[in-house]
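Working notes, structure below.
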């Protein structure tokens, strides 16, 4: 275990070095002022308490939730690439319930909204789980398709049943303070969702490594047939559980974003956190505690990329390019390792 | 809860010390950032290469730099969370004026405004105002009506198309008024409306346009920013199909198929806001910008002027004069962008 954790840090370190190299190469190709852009990147991610507490950590929070969701699913061999849709389902449910219970005290209203978000996320991935277990539909396809359905469902809801009362803008009204996440520090944007997400990372790690359920999840992920015949494990039950838990984590991420950052439902509430989550989980090699680190790294990258555009005029889509390169890099690295082991 | 507070206490101290340290350090970099200088930032919801809504705003920002000597900064933002993050970042850096380019920025501006009282936030569209938050509202429906008159006069099939990015209130209001203009000339004309579903997929824009052409549409009024560039392409590929541009003067995008453009003189609008802030005369309000203020215009493409019946041009001129004088307002519901 110790050696494996060690190798995880190694991969992480190598990847960070790779990110920097990639950013520099792209900047050079684009003909940008590299030193100024890198200074802006650093400044926007870690340069001030403001950057850390109002940008990096705020962006890392949803990435941590969805990263855990994807990481947990992948551990069990469930290729859930629908975290985006589950996040949207969670945000939608949290806002819908939040608007209904806004008059209640916060200790009741906020947990209700968050619970609704988790439940909706679980239900959304549950559809894909049911399709897989009942009809053998590949979850790679069903979860991806459900992303589009969720996106358009949100578009419809904010123009229909959930639209603000003047019926001019495609969005809901703002959630009442009772349904807004408490801020961790006044004057900064980082909110309680971060603490919740870190807690869930610890909890997921504990379940995976210390409990019988976690053992079953890992066994099914390592080989469903072997888990059934040698371990007497029911892979279908474990798979169903993982679908629901993964969806709940992503849904909670959406609920946290809606109650902690946007305070209303809009189209485009997520800039693709559910897709970035795959990179977050892979970079951490699916280890729940390492996902905290990689979510922070990606949060910093996105916050820094925004600063690069503000201060050095470098398009912030650079971050998306770098994320894609990380996914490819990690996959290539894993592939090389498994081939090495087989030889 | 206690452990949480204990956990956060060092962070708080760190935060305060950075704050003090930051305050001491600020004179050093006063030259490059804010404080005394006039600095203006722009948040756009899409790419500034769209030659339309976002490109026009960026032109405005450049003009503010060139005419008023301002330091400028621009960022493209996607989500409401990013709107707020960047509003705050600019506020923290002491920018004098920050534009959020669209009604969708209004909630974020209202939320951030009180935290940075020395920064003025202006949203192009929207209705929310507070001590340092204003909105600009464009009477998009006025020149849209004139475009409708021209479209109906040029169309031979009597079927006219509208293609928008997504169903935003100002876009819908513009199309509604355009349809009124069409029916003003030809009560029997048919107006078909489609939305691409986004503002940046030129391929999807082209598909929508070709689908409309297949239904007999021969004039398309487009309001789809970067996705709209595909609509010009579709018109070029089809026979005798015309496009009407919007937001910026798009007559040069495809001079052979563009009848004219419904133009928001965004640079003029941005300049007037910047002057107001720079001179210290800022007062929070909704600035309504219309044909009368010269910000909203219908501009005919000179290269295709001959394709428009002379009678139609005369009607448009006289309607425009009435609009300027305030004696004629299109009957459509007033929209804001």
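Look at residue A:160 and say whether it is surrounded by fewer than 21 Cβ atoms within 10 Å (Cβ to Cβ) and either assigned to a helix (DSSP H, G or I) or within 14 Å of chain B (Cβ to nearest Cβ) (or both). Lay out the reasoning, then the answer.
Details: surrounded by fewer than 21 Cβ atoms within 10 Å (Cβ to Cβ): yes; either assigned to a helix (DSSP H, G or I) or within 14 Å of chain B (Cβ to nearest Cβ) (or both): yes.
Yes.
Which count do you get for residues in the stretch A:287-315 that are more than 18 Å from the chain's Cα centre (by Cα) and surrounded by fewer than 22 Cβ atoms within 10 Å (Cβ to Cβ)? Let's see the steps before the verdict.
Step one: list which residues in the stretch A:287-315 are more than 18 Å from the chain's Cα centre (by Cα), which gives A:304-315.
Now restrict to residues that are surrounded by fewer than 22 Cβ atoms within 10 Å (Cβ to Cβ): A:311-313, A:315.
Of the residues in that region, 4 qualify.
What do you reckon, is residue A:141 without any contact (Cβ under 8 Å) to a residue 12 or more places away in the chain and either more than 14 Å from chain B (Cβ to nearest Cβ) or over 18 Å from residue B:103 (Cα atoms) (or both)?
Details: without any contact (Cβ under 8 Å) to a residue 12 or more places away in the chain: yes; either more than 14 Å from chain B (Cβ to nearest Cβ) or over 18 Å from residue B:103 (Cα atoms) (or both): yes.
So residue A:141 passes the test.
Among the residues that make up the stretch A:76-86, is at least one of them in contact with a strand residue (DSSP E or B) (Cβ under 9 Å, 6 or more places away or on another chain), farther than 20 Å from residue A:207 by Cα, part of a helix (DSSP H, G or I) and within 14 Å of another protein chain (Cβ to nearest Cβ)? Walk me through it before giving the result.
In the first step, residues of the stretch A:76-86 are kept if they are in contact with a strand residue (DSSP E or B) (Cβ under 9 Å, 6 or more places away or on another chain); the result is none.
No: zero hits.
Quickly run through the stretch A:163-193 and pick out the residues that are over 16 Å from residue B:80 (Cβ atoms) and either within 11 Å of chain B (Cβ to nearest Cβ) or in contact with a strand residue (DSSP E or B) (Cβ under 8 Å, 6 or more places away or on another chain) (or both).
The answer is A:166, A:167, A:168, A:182, A:183, A:184, A:185, A:186, A:187, A:188, A:190, A:192.
Tell me, please, whether a residue that is touching a helix residue (DSSP H, G or I) at 6+ places or on another chain (Cβ under 9 Å) and closer than 24 Å to residue A:180 by Cβ can be found in the stretch A:128-149.
Within the stretch A:128-149 (the criterion being touching a helix residue (DSSP H, G or I) at 6+ places or on another chain (Cβ under 9 Å) and closer than 24 Å to residue A:180 by Cβ), the answer is no, since none of the residues qualifies.
Among the residues of the stretch A:33-46, which ones are buried (at least 17 other Cβ atoms within 10 Å of the Cβ) and within 11 Å of chain B (Cβ to nearest Cβ)?
Scanning the stretch A:33-46 gives A:40, A:43, A:44.
Residues of the stretch A:262-300 being more than 21 Å from residue A:319 (Cα to Cα) and within 14 Å of chain B (Cβ to nearest Cβ), which ones? Quick ask: steps written out before the conclusion?
Applying the first criterion (more than 21 Å from residue A:319 (Cα to Cα)) to the stretch A:262-300 yields A:262-267, A:286-289.
Passing the criteria: A:262, A:263, A:264, A:265, A:266, A:267.
Please find, among A:182, A:161, A:177, the residue that is over 23 Å from the mean Cα position of the chain (by Cα), modelled with pLDDT of 90 or more and under 30 Å from residue A:51 (Cβ atoms).
Result: A:177 is the single residue among A:182, A:161, A:177 that is over 23 Å from the mean Cα position of the chain (by Cα), modelled with pLDDT of 90 or more and under 30 Å from residue A:51 (Cβ atoms).
I need a count of the residues in the stretch B:86-105 that are within 8 Å of chain A (Cβ to nearest Cβ) and closer than 17 Å to residue A:265 by Cα. Walk me through it before giving the result.
Taking the stretch B:86-105 first, the residues within 8 Å of chain A (Cβ to nearest Cβ) are B:86, B:88-90, B:92, B:103-104.
Pick out the ones that are also closer than 17 Å to residue A:265 by Cα and you get B:103-104.
Result for the stretch B:86-105: 2.
Can you confirm whether residue A:248 is touching a helix residue (DSSP H, G or I) at 6+ places or on another chain (Cβ under 9 Å), at pLDDT 95 or above, surrounded by fewer than 24 Cβ atoms within 10 Å (Cβ to Cβ) and over 30 Å from residue A:27 (Cβ atoms)?
On the way: touching a helix residue (DSSP H, G or I) at 6+ places or on another chain (Cβ under 9 Å): yes; at pLDDT 95 or above: yes; surrounded by fewer than 24 Cβ atoms within 10 Å (Cβ to Cβ): no; over 30 Å from residue A:27 (Cβ atoms): yes.
Criteria not met by residue A:248.
Mind checking whether some residue in the stretch A:96-105 is surrounded by fewer than 18 Cβ atoms within 10 Å (Cβ to Cβ), touching a residue at least 24 places away in the same chain (Cβ under 8 Å) and part of a helix (DSSP H, G or I)?
For the stretch A:96-105, residues surrounded by fewer than 18 Cβ atoms within 10 Å (Cβ to Cβ), touching a residue at least 24 places away in the same chain (Cβ under 8 Å) and part of a helix (DSSP H, G or I): absent.
Read through the list (1) under 19 Å from residue B:261 (Cβ atoms); (2) in contact (Cβ under 8 Å) with a residue 60 or more places away in the chain; (3) touching a helix residue (DSSP H, G or I) at 6+ places or on another chain (Cβ under 8 Å), then give the number of the only condition that residue B:175 fails.
The single condition residue B:175 does not satisfy is (2).
Out of B:197, B:228, B:203, report the one residue that is assigned to a loop (DSSP other than H, G, I, E, B), in the same structural domain as residue B:305 (by TED's automatic domain parsing), closer than 26 Å to residue A:155 by Cβ and modelled with pLDDT under 95. Steps first, answer last, please.
Working: B:228 fails: assigned to a loop (DSSP other than H, G, I, E, B); B:203 fails: assigned to a loop (DSSP other than H, G, I, E, B).
When all the criteria are applied, what remains is B:197.
Which of (1) within 14 Å of chain B (Cβ to nearest Cβ); (2) at negative phi does residue A:235 not meet, given it meets every other one?
Only one criterion in (1) within 14 Å of chain B (Cβ to nearest Cβ); (2) at negative phi is unmet by residue A:235, namely (1).
Output yes when any residue across the stretch B:114-130 is in contact (Cβ under 8 Å) with a residue 40 or more places away in the chain and under 17 Å from residue B:182 (Cα atoms), and no when none is. If you could, list the steps in order and put the result at the bottom.
If we filter the stretch B:114-130 for residues that are in contact (Cβ under 8 Å) with a residue 40 or more places away in the chain, which is where we start, we get B:120, B:122, B:124-127, B:129-130.
Next, only the ones that are under 17 Å from residue B:182 (Cα atoms) stay: none.
No, the stretch B:114-130 contains no residue that is in contact (Cβ under 8 Å) with a residue 40 or more places away in the chain and under 17 Å from residue B:182 (Cα atoms).
Pull out all pairs, ordered by first then second residue, where Cβ-Cβ is under 7 Å, the residues are six or more apart or on different chains, the first lies in the stretch B:76-97 and is in contact (Cβ under 8 Å) with a residue 60 or more places away in the chain, and the second is assigned to a loop (DSSP other than H, G, I, E, B) and crowded, with 24+ Cβ neighbours inside 10 Å.
B:95/B:119; B:96/B:119
Considering only residues that are outside any helix (DSSP H, G or I), out of contact with any helix residue (DSSP H, G or I) (no Cβ under 8 Å at 6 or more places or on another chain) and modelled with pLDDT of 90 or more, which ones fall in the stretch B:284-315? First the steps, then the outcome.
First, pick out the residues of the stretch B:284-315 that are outside any helix (DSSP H, G or I): B:284-301, B:308-309.
Adding the requirement that they be out of contact with any helix residue (DSSP H, G or I) (no Cβ under 8 Å at 6 or more places or on another chain) leaves B:284-286, B:288, B:293, B:299, B:301.
Those that are outside any helix (DSSP H, G or I), out of contact with any helix residue (DSSP H, G or I) (no Cβ under 8 Å at 6 or more places or on another chain) and modelled with pLDDT of 90 or more: B:284, B:285, B:286, B:299, B:301.
Among the residues of the stretch B:241-256, which ones are assigned to a loop (DSSP other than H, G, I, E, B) and free of Cβ contacts under 8 Å to residues at least 40 places away in the same chain? Explain how you work it out, then say what you get.
Looking only at the stretch B:241-256, we keep the residues that are assigned to a loop (DSSP other than H, G, I, E, B), and these are B:241, B:248-256.
If the condition is that a residue be assigned to a loop (DSSP other than H, G, I, E, B) and free of Cβ contacts under 8 Å to residues at least 40 places away in the same chain, then B:241, B:252, B:254 are the ones that fit.
Can you tell me which residue is farthest from residue B:267 (Cα to Cα) among those in the stretch B:284-302 that are loosely packed, with under 14 Cβ neighbours inside 10 Å and in contact (Cβ under 8 Å) with a residue 40 or more places away in the chain?
Initially, the stretch B:284-302 is screened for residues loosely packed, with under 14 Cβ neighbours inside 10 Å, giving B:285, B:294, B:302.
Okay, now just the ones that are also in contact (Cβ under 8 Å) with a residue 40 or more places away in the chain, so B:285, B:302.
Working: B:285: 19, B:302: 22 Å.
For the stretch B:284-302, the residue satisfying everything is B:302.
Since residue A:220 meets every condition but one in (1) within 23 Å of residue A:82 (Cα to Cα); (2) crowded, with 18+ Cβ neighbours inside 10 Å; (3) at pLDDT below 95; (4) within 14 Å of another protein chain (Cβ to nearest Cβ), which condition does it not meet?
Failing condition for residue A:220: (4).
The values are calculated or read from the model by the stated rules, or taken from the named source; none is laboratory data. Since the model is a prediction, treat every value here as computed from it, not as a measurement. Neighbour counts are summed over all protein chains in view; Cβ atoms, including those assigned to glycine, are modelled from backbone coordinates with ideal geometry.
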